[in-house]
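Right, one structure below, let's go through it.
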Amino acid sequence: MFEEYNEMFRKVIELAEAYYKAECTKETYESTIDFDALEDLKKDIEEKALEDYLDKLDYEVIKVLQTIMYIGRDGIDEKDISPQQIYERAREYFDSRGWHEDKMIEIYLMTEKFPLVNYLKDGFKLLKISI
């Protein structure tokens, strides 16, 4: 499922991991000392790199990624249906709610989620998508 997107999935995971690590570093330092401005800048750079890459993707890919993200976040794992059916049901739900005309709003809804990389990895695992 979604083999044609595997390269994009890998790149998004790579960028989301970098952003996650930068954010984790920030959280660690903020709890112990004044946060160094360079660490904050690194987080901002990683976040921008992720957003810029997502913005270059086709809107359909963003919808696929967002659906996978929510499947991973919510742990949707129905034993009686296939991974394809899990995806299709989730996607039908999101399609029925409608998507924002501005792709950047959907991108923001993804990148605002701190553990985005974990949600995506969990979604890939639940859907048995190998990347």
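Determine the relative contact order of the chain: mean sequence separation of Cα pairs under 8 Å and six or more apart, normalised by residue count, in whole percent. Don't skip to the end; give the middle numbers.
Numbers: 118 pairs, mean separation 48.8, N = 131.
Over the chain, the number comes to 37 percent.
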task: Take 47, 60 and order them by how many other Cβ atoms sit within 10 Å, fewest up front.
output: 60, 47
statement: Of the listed pairs 48/128; 11/121; 56/125; 103/125; 79/103, those with alpha carbons more than 22 Å apart are 48/128; 56/125; 103/125; 79/103
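Within a 10 angstrom radius of the beta carbon, how do 67, 111 rank from fewest other beta carbons to most?
Numbers: 67 22, 111 18.
Ordered from fewest to most neighbouring Cβ atoms within 10 Å, 67, 111 come out as 111, 67.
Cut-off is 10 Å between beta-carbons; in what order do 110, 1 appear when sorted fewest neighbours first?
Numbers: 110 20, 1 15.
Fewest-to-most Cβ neighbours within 10 Å comes out as 1, 110.
All of the numbers you see were taken from the coordinates with simple rules; none came from a lab. This is a predicted model, so every value here is computed, not measured. As a convention, Cβ positions derive from the backbone with ideal geometry for all residues, glycine included, and neighbour counts pool all protein chains shown.
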